[in-house]
Every structure is written in structure tokens, then in C-alpha cells.
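The structure under discussion appears below in the form of C-alpha cells.
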Amino acid sequence: MTILEELQRSIEEGHPGEARRLVEEALNQQIDAMQIVEEAMMPAMQVMGERFKAQEADIPRILAAARCVRVGFELIEEQEPGLEARSIGTIILGTVEGDLHDVGKNLVALMFRSAGFKVIDLGVDISEKQFLKAVHENPDVQIVCISSLLSTALPEMEQVVKTLRRNDPDKKYKIMVGGGAVTRQLARDMGADAYTENCVEAAEVAKTFIV
């Protein structure tokens, strides 16, 4: 078994310490950073995503694998500062104004990063002006992901979506929404491009928007 095969297995089994050791060893062997990402990290997360869809893996196992990938990324980024520039796309992420919940958002951010995205995490209680400012400051953004757990914050989410749509008539980026208060129908009524129920699905859907 090659070191990259070992790394993939350690990620799938959810062992961050072992994953970090194997990434470090691969780098010491002069294996290219992108090769590590594309031939071990990404295949591992793809396998875990397929297992989740087949109900062969639960969210905790998926997140354990994602943490392994994140640990590996952090190590690679220390030695390859330009790696982030080679990400598959840029996502702006935040929880809307009036909602301070961040657990779901943080899990989604972790999955996005493990899928190879550059994530600009705005945090919680983010107003439409802050979302709009972030979009203007990051013209390369391809996806804006908006979260809300509270039903009382849904009007704010709808306002954010409408504001982003109004300021992006050419639809240069996609809008994704999610969270405990959101439904597929609500997302459709708001004008969002996608609604996802969990962090695994969010990463899978985001990848379909990258061409």
C-alpha cells in the first residue's frame, strides 16, 4: 500500500493524528501537495459522501473524516502557502442577522474546505449589507451560502437573497440556503439556487456549481 493509499484509508477511518503524520511523511518524500489532495484527500471524502448517501456512514463519521482532511490541509498550507489559490472555488458563508447559532454553519464550512473550496466565513448575525460587502470585496466568489436555525430570522434571510439577486443580475454566483428553519419550498420562494438539509449534501451540491 502506498503512502497516499494509507492516507486515504486513515481519513476514511477518521484518524486525524495518523492523517497528519502521513501528510507530513508524504511531503518529506517530495510528493506534490496537489497530488496529496487529489489522490488521497478528495477520493476519501468522495467515498465517505457515497457511504453517507448509502446510509453506511453517519454524520459523526463524515465529520471525523473531514477533520482529518482539514488537519492535512493546514499542514500543507504551512509548507505550500499558494495552495489556497488553487482551490476549486470560493464560497462566502454566514448565519443571517438575528441568529447567533454557528454549529451548523461551522460543520458546513468544514465540509466545504475538505471538498477543496476556499471558504470566507463571515460568522453569525450577518446583515444583508455585510453579505453584500463581502461579495463586492471578493469578486471571484462563486457561491454565497446563507444559514439560519431560527424561524424568526427567515425574513432576514429572504431579504439577503433578494438583495444579492438584485445586485447580481448576471447571476455570476449561486446562492445556497440551509438551516433548521429553512425548507426546500421556502428556498424556492426566496429565489435561492439550492437548499440542502445537511453539511454533506451542501458540499456535494456546491461542487455541481463549479464548472
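The values are calculated or read from the model by the stated rules, or taken from the named source; none is laboratory data. In this text the structure is predicted, and so the values were computed from the model without any measurement. Reconstructed Cβ throughout: ideal geometry from the backbone, glycine too, with neighbour counts over all protein chains shown. In case anyone asks, the SASA skips ligands and DNA or RNA and just uses the protein heavy atoms, side chains included. Shrake-Rupley method; radii C 1.70, N 1.55, O 1.52, S 1.80 Å.
Defining a contact as two alpha carbons under 8 Å apart and six or more residues distant in sequence, what relative contact order in percent does the stretch 30-120 show?
Working: 70 pairs, mean separation 29.8, N = 91.
Averaging sequence separation for qualifying contacts and normalising by length gives 33 percent for the stretch 30-120.
Please state the equivalent ellipsoid semi-axes for the chain: what are the square roots of 5 times the Cα gyration tensor eigenvalues, largest first, in whole Å?
32, 18, 14
How much length is gained if the chain between Lys133 and Glu25 is pulled fully straight, taking 0.36 nm per residue apart and subtracting their Cα-Cα distance, in nm to one decimal?
34.8 nm
Using Cα pairs under 8 angstrom and six or more residues apart, how large is the relative contact order of the chain, in percent?
RCO, the chain: 18 percent.
If exposed means no more than 13 neighbouring beta carbons inside 10 Å and the site is in a DSSP loop, what's the longest run of the chain without any exposed GluC sites (Glu not before Pro)?
57-196
On a 0 to 90° scale, report how tilted helix 59-79 is relative to the longest principal axis of the chain, with both axes built from alpha carbons and the result rounded to the nearest 10.
Orientation of helix 59-79: about 70 degrees from the principal axis.
Using a 1.4 Å probe over the heavy atoms of the protein chains, calculate the carbon and sulfur portion of the accessible area of the chain as a whole percent.
The nonpolar share, carbon plus sulfur, comes to 48 percent.
Over the stretch 60-167, what relative contact order in percent results from Cα pairs under 8 Å that are six or more residues apart?
Working: 143 pairs, mean separation 34.7, N = 108.
After rounding, I find 32 percent.
Please compute the per residue accessible area over the chain with all protein chains in place, 1.4 Å probe, rounded to a whole number of Å².
I get 49 Å² per residue for the chain.
Tell me what the chain gives for mean residue ellipticity at 222 nm when only DSSP H runs of n ≥ 4 count, each as -39,500 (n - 2.57), the sum divided by the residue total, rounded to 500 deg cm²/dmol.
On the way: 10 runs with 113 residues, N = 211.
-16500 deg cm²/dmol, from helical runs alone.
On full extension of the chain, what length is gained from Gln35 through Arg165, given 0.36 nm per residue of separation minus the C-alpha to C-alpha distance? Don't jump to the answer; show the numbers that get you there.
On the way: separation 130, 0.36 × 130 = 46.80 nm, distance 3.74 nm.
43.1 nm is the gain from fully extending Gln35 to Arg165.
Report, to the nearest 10°, how far helix 199-208 tilts away from the longest principal axis of the Cα atoms in the chain, using its own Cα long axis and a range of 0 to 90°.
For 199-208 against the chain, the angle is about 90 degrees.
Normalized C-alpha radius of gyration of the stretch 120-195, against 2.2 N^0.38 Å?
1.00
Pop a pseudo-label 7 angstrom from the Cα along the beta-carbon direction at both Phe209 and Glu197 and give the gap in nm to one decimal.
For Phe209 paired with Glu197, the spin-label model returns 2.0 nm.
If you line up the long axis of helix 3-13 against the longest principal axis of the chain, both from Cα atoms, how many degrees apart are they, to the nearest 10?
On a 0 to 90 degree scale, this one is about 50.
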